[in-house]
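Encoded as C-alpha cells, the structure appears first; notes follow it.
The values are calculated or read from the model by the stated rules, or taken from the named source; none is laboratory data. Everything quoted here is computed from the prediction, not taken from an experiment. Reconstructed Cβ throughout: ideal geometry from the backbone, glycine too, with neighbour counts over all protein chains shown. Side chains included, ligands, DNA and RNA excluded: accessible areas come from the protein's heavy atoms. Shrake-Rupley method; radii C 1.70, N 1.55, O 1.52, S 1.80 Å.
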Amino acid sequence: MTQRAGMLLAPLAAILLVLPWVANPYILSVATLILYLAYTGQAWNVMMGFAGQLSLGHSLYVGVGAYVSAALFVRYGVGPWAGIWLSVALCVALGAAIGFLAFRFGISGVYFALLTIAFCEFTRIGFDHLQWTGGSGGLFLKVAQRDQIDLASFRGPPAMYYYTMLLLVFLALVFCSHLLKSKAGYYWQAIRENEEAAQALGINTFRWKLLAVVISSAMTAVSGVFFAFYYNNLFPEQIFNISRSIEIILGPIIGGVGTLFGPILGAAALTIAADGITEILGALGWEIPGIKQVFYGIVMLLVIMFLPNGIWPPLARKLGLGR
Amino acid sequence: MNRRDFNKAAAAAGAAAAFSPLNVRAQAQKLKVGVLLPRSGFQGLIGQSCQKGADLAPGVIKGLLGVDVELMNADTETNVDTARTRAERLIQEGANVLVGPFDSGAAAAIAQVAEQRGVPFVINIAAAPQITEQGYKFVFRNFPTAIDLTRNGLSLIGDLFRATNVAPRTAVFMHVNDTFGQAMFKGISATLPHLTNLPFRIVDTISYDPAAKDLTVEVSKAKAANADFLLLVCRLNDAIILRREMVKQRWFPMGVVSPGSPGMYEEQFSKALGPIANYCISNAPWFNPKTNMTKLVKAAFAKQNPNEKFVFHGTNVVYTYESILVAADAFKRAKSTDPKALADAIRQTNITDRAVLGGVLKFNAKGQVEGNLSACAQNLNGEPKVVLPESAAEAKPVFPAPDYKKT
Amino acid sequence: MVYGLMALGLSVIFGIVRVVNFAHGEMMTIAMYAAVAMFSAWGVDPFLAAIPIAAGFFALGYLMQSGLINPFITRPEHSQFILMVAVATIMVNGMLMAFGPDARNVQISYQLESWEIGKILIDKPRVYAAAMALATSAALFSFFRFSLTGKAIRACADNNLGARVVGLNVKHLYALTFGLGSACVAVAGCMMILFLDVTPSLGPSYTLLAFIIVIVGGLGSLTGALLGGVLIGLSEALAGLLIQPSAKSMFGYALLILVLLFRPQGLMGKKA
C-alpha cells in the first residue's frame, strides 16, 4: 500500500477500532450492519468484479451457511467454530456444483444470473418445507444473556459482534488484495476482459472461473454463520429472499465493482443514505409510508446514471490513490 | 351512555390527580413509548392498522389514568435489519418502553435489543412461541402464542357445533405454507386427536404457497376430498382467491371455518367478495364488544378515523392499544421512567377492564399473558360479528351456511 | 395465457433491446391500478380500458427507453440491473404512497361465472382473457412480420451495427420496441385485475415469473413466450396435483434450471 493510502487509512482505522467506546449503541448497530454488508458484498465482488460472473442469487450461500451452523447448534449443540467448517464445506460444494453446471454448459451473462436466482428460489421453497430446520416456522437459537462473552458459542455484547465483523472485513480486504496481485487475479482480469482471448492464450478459464465461484461462496458462508448467531432466528422466506440477494450486491455496484474498497464504501454509503433519509424525513415530519424508499430509489438511480463505475474510482482519483 | 361513562371516568381521574400530591409528580413526567410497526413493505396494511390503535392510545389513557404518553413512531419496513436498528435508535432517543412489532421475526430481533439494553418491550402481536421461551426479563407479550391460538380456535369449533346442533364428520384442512400456517398445522396435528369433544376428523391436508396467485389446483383437490366443511388457515389475499375459486368450482361446503388466522374477517375480504364473503367464520383473537374499555377505544377510533369501520381493525387496534396501556399502567404504579422499575411494575400488572377478549391481563413468569381468548366471528351482512362465546356475542351463529350443497 | 402475454412484453424488450427489465412486474402492477382507477371512476370494463391504458403505457415505455435506459444499453449487465431495480423500487413505493397498502380490485358481473360442459367447469373470465391475449399477440406478431417498422426493428436486433449503417434510427426504434413491450404488459395487467386484487408489492414475483417463461419459451420468439406461459401454467398445475401444492413453484424453477442448462435458447428460440 502506498504511503498516501496509509496516511488516509490510519485515522479511519483508529476511529473504527474505538467505535464501541465512543458511539452509542444505535450507531454501533448501524456500523455492524454496514460491516456485514461490506463483507458479504466483498465476497460477492470476488465472483463478479474479479471474474465477471453476475450472481443474483447470492443469498443462497448466506442462507445455507446460516442454517447449517444454526441447525448444528440447535440440534446437536455444536458450537459455531466447529459448525462453520461444515457450513463452508457445503457452500463450497454448492457453489462448485452451480459453477460446474453453468460453465460446462457455457452459460454466462444474464443467463448465469437467472440460473443463480433459480437455484436460490428453489432452495428457499425447499427450506420452507424442511421440517428438520423448522420449515417456514423458522429456526430459533437460544439466546443467552449478553453481558459476558462466551466465545465458544459466539455470544456476547454487541461490541463483540462489531469487532468480529470488523476483523472479517479486514481479513477479506487483505485476502482480496492478495488475490488481485496473484496469478489468479491476472487470469481473472484476462477472463473478464475477453474470455475467448484468454482461452486462446492457454488459460484454463473453466478452472479459474470455478475457483472464483468457490472462493466467493466460501466467504459468503461465513457471513451466513455470523448472521445466524447475531440475529438468532432464521426464516427461509427472509434469508433466501431475492431482496437479500439484491441488498448484497447493491453495495459493491454502487461502490465500484472489481475494486478493493468499492464494496465497503458502497455498503457504508447506502446504509448511511438509507438511515439518513429516514432521519431527515422524520425531522421534516413527512411520515408517509413508502416515501423513504422512493428517495432511496432515486438516489440509486442518480448514482448509477452518473457514476456508472461506482463511487470509489472517482473518489480514489481525487484522493490520489491507485485502485 | 358511552359519553357519560367516559366523562365520569375523566372527571374522576382528574379529581384524583388534582388531590393527590404523589400523582402530581408522576404527571409531570411523560412516558415515552417507542412504537415499532411495519408501515411499509409487505405488511404495510396491517402495520398501519395497528398504528391506529397506537394513535388513539394517548388520549384514552390520559382520560383513564391521567398519565401522559408520548408516542415515538418507527417504521420497521417489514425488514428485520431495519427493526433492529430502529429499535436501537428509539432507545437512543429516550424511549422508556418499546411496543410492537406485529411480526415474529422482527419481534425476536427487537427482543434481543430490548433485553440487551434493559428496556421493557411489550409485544402487541406475534405468535411464535419461542419468543417468550428465551428467559428474557424485559420482554412481555400480550398475545396468545400459536399453541394457545390453536387450542382456543379448535375448542371454539366444538362450541360452534354445540350451539348450532350440527355435527359434521369430516373436514378438509387447507393452510398457507408460511410461519403462521405451519405453526397452526403443527398445533392442530398435535391437539386435535386429544380433543374428544370434536367429533370430526381431517380427511385431507392441503398446504399452499401464500404468494400463489392461482389456487385452482388446490381447491379442486380440496373439493375432491368431499368433506363436510373446510378448515382453513389463511391470510387475506389467498383467502380472497380461494373463496372466489370455490364459487367458480361450485364447491359449497357446510362452512369455511378458520381455527385462528387473519384473512376472512378483514375489510378487504368482505369488500372484494361481496355477498359470498358472508357466513365465513374466523376464530381469532378479538375485542370484547361488551366491555367499557372497548367502548372507549371504539369512540376514540371513530373520532380519529371517521371513514373506517372499527370492527375491521378491531383486533389490531385493541391489542396495540393494550400494549401501550400496560406500559402506561406500569408507569403510573412505578412512578418513574427507570426501565428496571418499569419492567418490575409490568410484571405486577393486573388489569381487569379490558378491550381484548379474555381473562385478567396478567403476565406469567415467562412474560406471557395467559387467558387471552379467541372469539368466533362470523361474517354477517358484510361485517364480522362475534357469535361466540355467548357472553360476548352480538349475533347467533349460522351453520351450516345457507348455500350448503351436499356434493 | 395471460402470463404468456406479460412474458411477451418482456421477450420483446429483452430480445431486441437487450435490456433486462427488472421493473416488468411493477409496470404490470401500475397497469392494474390504472384499470381499477378507470373502473371505479367511470365504470369502464377492463377489456375496454385496456386500449387507452395500453396507449398510455406505450408512451411511457417510449419515454423510459429514450430518456432513461438508452445510455445503458452498452453498459454491463449489472449496471442495467441496478437501474431497473431502482426504477422498480420507486414504482412500488410510489404506488404505496399513492394508493395505500390496501388491495384493490374490480367487481364485474361475469367475474365468477363459468360454463358447465359436462363435468368440466370452464372459467368465463379466463376464456375472455385468453382470447384477448391471443388477439394482442397476433397483432404484435403481424406488426413485426409485415410492417416496415417491424422489419426494421428485427433488423436492429439481428445486427445493430448493420442497421445503423443502413441508416435506421436505432434509438427511435429501440424506444418503439420498449413502448410496444410496455403496451403488452399493460394489456396483461388489465386482464390480470379480473383474477387478482392489486397491492403495491405484487410486482417482483411477476417479474421473476415473466423471466422464467421467456427463458423457457425462448428469447425473441413470440410464439415461444406464449407457449412458455402455457407450459409453466400446466406444469405448476400438474406439480400441484402430484406433489404438495405449496411446492409447485419449485417445479417451475427446476424447469428453468434444466432449460438454462440444456437448451438455453428455449423451446422456440433461435440460437443466440
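Do we find that A:Ile291 is buried (at least 21 other Cβ atoms within 10 Å of the Cβ) and either touching a helix residue (DSSP H, G or I) at 6+ places or on another chain (Cβ under 6 Å) or without any contact (Cβ under 8 Å) to a residue 12 or more places away in the chain (or both) in this structure? First the steps, then the outcome.
Details: buried (at least 21 other Cβ atoms within 10 Å of the Cβ): no; either touching a helix residue (DSSP H, G or I) at 6+ places or on another chain (Cβ under 6 Å) or without any contact (Cβ under 8 Å) to a residue 12 or more places away in the chain (or both): yes.
So A:Ile291 does not fit the description; no.
Kindly provide the set of residues from region B:186-214 that are at pLDDT below 80 and within 14 Å of chain C (Cβ to nearest Cβ), ordered by number.
B:Asp209, B:Pro210, B:Ala211, B:Ala212, B:Lys213, B:Asp214
Could you go through region A:57-74 and let me know if any residue there is within 11 Å of another protein chain (Cβ to nearest Cβ) and open to solvent by less than 50 Å² (accessible area, probe 1.4 Å).
yes
Consider C:Phe211 carefully, then state whether it is surrounded by 21 or more Cβ atoms within 10 Å (Cβ to Cβ), within 14 Å of another protein chain (Cβ to nearest Cβ), farther than 22 Å from C:Asn93 by Cα and at pLDDT 70 or above. Don't jump to the end; show me each part of the working.
Details: surrounded by 21 or more Cβ atoms within 10 Å (Cβ to Cβ): yes; within 14 Å of another protein chain (Cβ to nearest Cβ): yes; farther than 22 Å from C:Asn93 by Cα: yes; at pLDDT 70 or above: yes.
So C:Phe211 passes the test.
Only one of these is under 20 Å from the mean Cα position of the chain (by Cα), open to solvent by less than 10 Å² (accessible area, probe 1.4 Å) and modelled with pLDDT of 90 or more: B:Ile131, B:Ile123. Name it.
Working: B:Ile131 fails: modelled with pLDDT of 90 or more.
On inspection, the qualifying residue turns out to be B:Ile123.
Quick one: would you say A:Ile191 is outside any loop (DSSP other than H, G, I, E, B) and either at pLDDT 80 or above or on the phi > 0 side of the Ramachandran plot (or both)? Working first, answer last.
Working: outside any loop (DSSP other than H, G, I, E, B): yes; either at pLDDT 80 or above or on the phi > 0 side of the Ramachandran plot (or both): no.
Spelling it out, it is not the case that A:Ile191 is outside any loop (DSSP other than H, G, I, E, B) and either at pLDDT 80 or above or on the phi > 0 side of the Ramachandran plot (or both).
May I ask you to verify whether B:Ala328 is without any contact (Cβ under 8 Å) to a residue 40 or more places away in the chain, of a type in the set (A, V, I, L, M, F, W, C), in a helix (DSSP H, G or I) and open to solvent by less than 20 Å² (accessible area, probe 1.4 Å)?
Numbers: without any contact (Cβ under 8 Å) to a residue 40 or more places away in the chain: no; of a type in the set (A, V, I, L, M, F, W, C): yes; in a helix (DSSP H, G or I): yes; open to solvent by less than 20 Å² (accessible area, probe 1.4 Å): yes.
Considered against the rule, which asks whether it is without any contact (Cβ under 8 Å) to a residue 40 or more places away in the chain, of a type in the set (A, V, I, L, M, F, W, C), in a helix (DSSP H, G or I) and open to solvent by less than 20 Å² (accessible area, probe 1.4 Å), B:Ala328 comes out as no.
When you check A:Leu101 against the structure, is it surrounded by fewer than 22 Cβ atoms within 10 Å (Cβ to Cβ) and facing chain C (nearest Cβ under 8 Å), yes or no?
Numbers: surrounded by fewer than 22 Cβ atoms within 10 Å (Cβ to Cβ): yes; facing chain C (nearest Cβ under 8 Å): yes.
So A:Leu101 passes the test.
Let's see how each residue does on (1) in a helix (DSSP H, G or I); (2) among the small types (Gly, Ala, Ser); (3) under 26 Å from B:Glu115 (Cα atoms):
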| site | (1), (2), (3) |
| --- | --- |
| B:Pro58 | yes, no, yes |
| B:Met72 | no, no, yes |
| B:Ala83 | yes, yes, yes |
| B:Ala87 | yes, yes, yes |
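I'd like to verify a number: residues in region A:112-141 that are farther than 23 Å from B:Glu133 by Cβ and charged (D, E, K, R), how many? Reasoning before the result, please.
Here is the first cut: in region A:112-141, the ones farther than 23 Å from B:Glu133 by Cβ are A:112-126, A:129.
With charged (D, E, K, R) added as a condition, the list becomes A:121, A:124.
Residues flagged as farther than 23 Å from B:Glu133 by Cβ and charged (D, E, K, R) within region A:112-141 amount to 2.
Exactly one condition in (1) within 18 Å of B:Pro38 (Cβ to Cβ); (2) more than 11 Å from chain C (Cβ to nearest Cβ); (3) modelled with pLDDT of 75 or more is false for A:Glu287; which is it?
Unmet for A:Glu287, out of (1) within 18 Å of B:Pro38 (Cβ to Cβ); (2) more than 11 Å from chain C (Cβ to nearest Cβ); (3) modelled with pLDDT of 75 or more: (3).
Just a yes or no: is a residue in region B:94-103 under 22 Å from B:Leu198 (Cα atoms) and either in contact (Cβ under 8 Å) with a residue 24 or more places away in the chain or in a helix (DSSP H, G or I) (or both)? Step through it out loud before you land on a result.
We begin by selecting, within region B:94-103, every residue under 22 Å from B:Leu198 (Cα atoms); these are none.
Taking every residue of region B:94-103 in turn, none turns out to be under 22 Å from B:Leu198 (Cα atoms) and either in contact (Cβ under 8 Å) with a residue 24 or more places away in the chain or in a helix (DSSP H, G or I) (or both).
For the structure I just gave you, tell me whether A:Ser87 is within 14 Å of chain B (Cβ to nearest Cβ), touching a residue at least 24 places away in the same chain (Cβ under 8 Å) and small (Gly, Ala, Ser).
Working: within 14 Å of chain B (Cβ to nearest Cβ): no; touching a residue at least 24 places away in the same chain (Cβ under 8 Å): yes; small (Gly, Ala, Ser): yes.
In short, no.
What are the pairs with Cβ atoms under 8 angstrom where one residue, in region B:339-355, is among the hydroxyl-bearing types (Ser, Thr, Tyr) and the other, located anywhere, is surrounded by 20 or more Cβ atoms within 10 Å (Cβ to Cβ)? Sequence gap at least six, or different chains.
B:Thr349/B:Val326; B:Thr349/B:Asp329; B:Thr349/B:Ala330; B:Thr349/B:Leu361; B:Thr349/B:Phe363; B:Thr352/B:Leu361
Which fully enclosed helices (runs of 4 or more DSSP H) of region A:231-323 have 1 or more residues being closer than 29 Å to C:Gly94 by Cβ?
Details: elements: A:236-239, A:242-255, A:262-284, A:291-306, A:312-319.
In region A:231-323, the matching helices (runs of 4 or more DSSP H) lie at A:236-239, A:242-255, A:262-284, A:291-306.
I'd like to know if region B:70-85 contains one or more residues that are more than 24 Å from A:Ala283 (Cβ to Cβ), free of Cβ contacts under 8 Å to residues at least 60 places away in the same chain and either open to solvent by 40 Å² or more (accessible area, probe 1.4 Å) or acidic (Asp, Glu) (or both).
Of all residues in region B:70-85, those more than 24 Å from A:Ala283 (Cβ to Cβ) come to B:80.
Those still in the list that are free of Cβ contacts under 8 Å to residues at least 60 places away in the same chain too: B:80.
This time we only want the ones that are either open to solvent by 40 Å² or more (accessible area, probe 1.4 Å) or acidic (Asp, Glu) (or both), so: none.
Taking every residue of region B:70-85 in turn, none turns out to be more than 24 Å from A:Ala283 (Cβ to Cβ), free of Cβ contacts under 8 Å to residues at least 60 places away in the same chain and either open to solvent by 40 Å² or more (accessible area, probe 1.4 Å) or acidic (Asp, Glu) (or both).
Working carefully through the options A:Gly77, A:Gly106, find the one that is more than 14 Å from every other protein chain (Cβ to nearest Cβ), modelled with pLDDT under 80 and on the phi > 0 side of the Ramachandran plot.
A:Gly77
So which residues in region A:112-143 are of a type in the set (Gly, Ala, Ser) and in a helix (DSSP H, G or I)? Outline the logic, then answer.
Going residue by residue through region A:112-143, those that are of a type in the set (Gly, Ala, Ser) are A:113, A:118, A:126, A:134-138.
Result: A:Ala113, A:Ala118, A:Gly126, A:Gly135, A:Ser136, A:Gly137.
Which count do you get for residues in region B:261-305 that are touching a residue at least 60 places away in the same chain (Cβ under 8 Å), more than 14 Å from chain C (Cβ to nearest Cβ) and of a type in the set (Gly, Ala, Ser)?
5
Could you tell me whether any residue of region B:345-353 is under 23 Å from B:Gln29 (Cα atoms), assigned to a strand (DSSP E or B), more than 14 Å from chain C (Cβ to nearest Cβ) and open to solvent by 10 Å² or more (accessible area, probe 1.4 Å)? Steps first, answer last, please.
Keep residues of region B:345-353 that are under 23 Å from B:Gln29 (Cα atoms), which gives B:345-351.
Applying the additional criterion that residues be assigned to a strand (DSSP E or B) yields B:351.
Applying the additional criterion that residues be more than 14 Å from chain C (Cβ to nearest Cβ) yields B:351.
Subsequent filtering for residues that are open to solvent by 10 Å² or more (accessible area, probe 1.4 Å) retains B:351.
Yes: one or more hits.
Across region A:236-257, what is the total count of residues that are open to solvent by 10 Å² or more (accessible area, probe 1.4 Å) and under 10 Å from A:Gly63 (Cβ atoms)?
The number of residues fulfilling the criteria is 3.
Take B:Asn372 and tell me if it is open to solvent by 60 Å² or more (accessible area, probe 1.4 Å) and closer than 20 Å to B:Leu160 by Cβ.
Details: open to solvent by 60 Å² or more (accessible area, probe 1.4 Å): no; closer than 20 Å to B:Leu160 by Cβ: yes.
Spelling it out, it is not the case that B:Asn372 is open to solvent by 60 Å² or more (accessible area, probe 1.4 Å) and closer than 20 Å to B:Leu160 by Cβ.
Find the residue count for region B:86-133, including only residues that are away from every other protein chain (no Cβ under 11 Å), of a type outside the set (A, V, I, L, M) and more than 16 Å from B:Ala327 (Cα to Cα).
So the answer is 2.
Does A:Ala221 satisfy the criteria of being among the aliphatic types (A, V, I, L, M), under 30 Å from C:Ala88 (Cα atoms), open to solvent by less than 10 Å² (accessible area, probe 1.4 Å) and within 14 Å of another protein chain (Cβ to nearest Cβ)?
For A:Ala221, the condition - among the aliphatic types (A, V, I, L, M), under 30 Å from C:Ala88 (Cα atoms), open to solvent by less than 10 Å² (accessible area, probe 1.4 Å) and within 14 Å of another protein chain (Cβ to nearest Cβ) - is not met.
Given the condition closer than 28 Å to A:Glu121 by Cβ and open to solvent by 10 Å² or more (accessible area, probe 1.4 Å), answer yes or no: does some residue in region A:175-190 qualify?
no
Looking at C:Gln107, C:Gln111, can you tell me which residue is modelled with pLDDT under 65 and open to solvent by 60 Å² or more (accessible area, probe 1.4 Å)?
Numbers: C:Gln111 fails: open to solvent by 60 Å² or more (accessible area, probe 1.4 Å).
Checking each option against the conditions leaves just C:Gln107.
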